[in-house]
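Below is one structure, written out as structure tokens; comments come after it.
The values are calculated or read from the model by the stated rules, or taken from the named source; none is laboratory data. What you see is a predicted model; the values in this text were computed from it and never measured. All Cβ positions, even for glycine, are placed from backbone atoms using ideal geometry, and neighbour counts span all protein chains on display.
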Amino acid sequence: MVWGRCGSALLVASLVAGCGGAAGTVSPPSAAGAGGTAPPSSVLATASDSRVVDAVISDTRGVAPTGFTIQDRLVTVAGRTFRLAYQPMDVLAAMLVPEAVPTFDGKTLYYTMWEGWRGLDGLTEGEVGGVPVIRRVDLASGVDEVFRRGAYAAAVAEDGRVAYVEDLDGAYRFSVPNPTRVMVTSSDGGADEVWSTEDDIRYVTVGWAGEVLVAYQVLEGEYVRTVAFYGPGRSRLLSEGGMVVAISPDGSKVLLIEQENWTHFVVEDVSDGAVLWSGELDTPLGPVNGIYGCDWDGDRIVVVPGAGDGSSYPYVFGFAILRFDDGALSLERFVVVPGETAGLRLISLMTPRFTTDGGVRLQASALDDKGKQWFWDMVCDPAAAACAPVTPRRDTYLAVAEVNNWSGGVQP
Amino acid sequence: MTRHAWLRASLLVVAAVGILVLGVVPPALATPGASYGNYMWYKPGTQPTNGTLRAYTGYHQALSMTAGSGSGVNWNDPCVPNAGRLPDGWYNTYNGHHVDHKNDLIKGRVWGLSDKAKAGCQTRTALFIHTEETADNGQYCPTNDDDPYCWENANDYLSIGCVKISYPNNGFPNSIGSLHTWWHGGAGGLNSTYYSQILWVGASSPPL
């Protein structure tokens, strides 16, 4: 197959088979101090303004993300906005897994926050740096209460069970191992069961693949192993060094990427660990690069952060739309996001999510000319190869709610 | 008084008299840490594989070597765990320096580093300065692919959450050996010992 590059460096370029994609412009992340073309006026709200959420929903191109949390404790679930008691944050697992997760019926939200967190400056080895707490929100009544203390990384199963990890001494301690154990509630929220058997490993619960719980073992140097739990004390290694790009909506498969080779994708059957497909996906810019925390909807998967063979950095930033069909993973489209725009130099793309109308929402981070790091969200239309910011620039990552498994549109 | 105690007391008296009579003060033993001028500085490069690690003895540069931090994706974002480079700032040792580390993944000569979090981002944990070698400081290269305890090429500077320096294999310099010698020599570092502010990460030199 012959590939052609569509668009210039200043455009969001869409690469498809036969170069059929159109090219469009990308707006800068914020009008404030960024220069360039201003984003739609509907997104020119401050981060502390509740209108931000409305602005997202009423984005001029009609993109309506199905679920996510946002700054200043505002969360949107299935089109409704709620204010949480605390800003979701997870000091130990943010980015790896969502900090806020709704249930499948859309009635409840679980999120992680930290008590006593003051940052790490001034702490000595072994000193308590904070206590993770999972909170549960009844989205009908607004009741926001402690679900489990000393715990983080909630993952909700379709039958209502909640998996999480529990710090073995109940708190994070600075610069020492902080082992956890994997816990699972019953569907009625009653007795919790311990599913892991080791007491010297830090686990992070990733998500449910049907009846199977997927989790990371986090080892030295941030190296991870991905394991599948089938019940208390029953687990299987899914991948040595592989991280979870996405779990299929039916829970039967998991897409993994090798931590030390971000171009090598593997699709595994969760029930037995069998490899269904493995390999690279080529674009004219080099193979697709993937990272954990992406999205799988139907047979399509959206993957960030770009493409390139690793011979030069930064490579080309962008997102890929993949398709898993007939036992094979293929590339449907690769959309380039300019590495430099509006005076900012892009340094990462993370947590892409399909929106209900086929768009893609993702988090971007960039450096300004003084080296300050900025974050914002953008929504892209893969077909038009156009992206627009939907949040103002800010200086922290946002918590992102998981939408993979419930984007069917349950209305609370 | 035992014979050893008598000898020790006599030596202390002689040393004290020498200091009083000659005005000679024995030199302070070197110890790692910014406040002693014995520290390392990792300056990120333009790529994850071309940073620079410098080592200082008494505030004077003693070593400079190529080092890497960050992986093949999102490498320059310290907020991205398991992929981005180390966040800027000072690092203490965590559980100290080891010669024959062999816990579960990283082996050989290592410097454990304290946890670090850029404001608003996830905490980076279980960080090290290390190379790719076996627990007994050798090489294990059983395949033609990237073996974890074998320094094959410049891609081995890539790191998912550490600072990596080269092993003298395939024409690469003995950076791990040089740093190890500096640590126990000019820096005065011991094994398995906690020290404060032994590594600075940043584009600019550390605030001293």
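Results, tabulated for the structure shown:
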read-out	value
Residue check for A:A342: farther than 18 Å from A:G286 by Cβ and not polar (S, T, N, Q)	yes
Matching residues in the range A:333-365 - criterion: being more than 10 Å from chain B (Cβ to nearest Cβ), charged (D, E, K, R) and in a strand (DSSP E or B)	A:R333, A:E340, A:R353, A:R361
Residue within the range A:297-304 that is facing another protein chain (nearest Cβ under 10 Å) and buried (at least 19 other Cβ atoms within 10 Å of the Cβ) present	yes
The range B:72-100, residues that are buried (at least 24 other Cβ atoms within 10 Å of the Cβ), more than 10 Å from chain A (Cβ to nearest Cβ) and assigned to a strand (DSSP E or B)	B:H97
Pick from the range B:107-142, criterion charged (D, E, K, R) and facing another protein chain (nearest Cβ under 8 Å), ranking: nearest to A:F174 (Cα to Cα)	B:D115
Entirely in the range A:23-141, the strands (runs of 3 or more DSSP E) that have 1 or more residues that are surrounded by fewer than 17 Cβ atoms within 10 Å (Cβ to Cβ), of a type outside the set (V, I, T) and at pLDDT 85 or above	A:108-115, A:128-138
Those strands (runs of 3 or more DSSP E) lying entirely in the range A:214-299 with at least 2 residues under 25 Å from A:V337 (Cβ atoms)	A:242-247, A:253-258, A:261-269, A:286-290, A:295-297
The range B:175-206: number of residues that are in contact with an Asp or Glu (Cβ under 8 Å, 6 or more places away or on another chain) and within 30 Å of B:T46 (Cα to Cα)	4
Single condition A:P352 does not satisfy, out of (1) surrounded by fewer than 22 Cβ atoms within 10 Å (Cβ to Cβ); (2) in contact with a strand residue (DSSP E or B) (Cβ under 6 Å, 6 or more places away or on another chain); (3) not β-branched (V, I, T)	(1)
Given (1) in contact with an Asp or Glu (Cβ under 6 Å, 6 or more places away or on another chain); (2) surrounded by fewer than 23 Cβ atoms within 10 Å (Cβ to Cβ); (3) touching a residue at least 60 places away in the same chain (Cβ under 8 Å), index of the condition B:L105 fails	(3)
Qualifying residue in the range A:267-290 (condition: facing another protein chain (nearest Cβ under 10 Å) and under 17 Å from the mean Cα position of the chain (by Cα))	yes
Criterion (within 12 Å of the chain's Cα centre (by Cα), in a loop (DSSP other than H, G, I, E, B) and hydrophobic (A, V, I, L, M, F, W, C)) met by exactly one of B:A135, B:A187, B:A119	B:A187
Sole residue being of a type in the set (D, E, K, R), in a loop (DSSP other than H, G, I, E, B), within 11 Å of chain A (Cβ to nearest Cβ) and farther than 30 Å from A:D90 by Cα, chosen from B:D145, B:D104, B:D156	B:D145
Any hit, the range A:277-284, residues being free of Cβ contacts under 8 Å to residues at least 60 places away in the same chain and closer than 21 Å to A:P98 by Cβ	no
Candidates B:N137, B:N103, B:N144 - the one that is in contact with a Gly (Cβ under 6 Å, 6 or more places away or on another chain) and either at pLDDT below 95 or over 20 Å from B:G84 (Cβ atoms) (or both)	B:N137
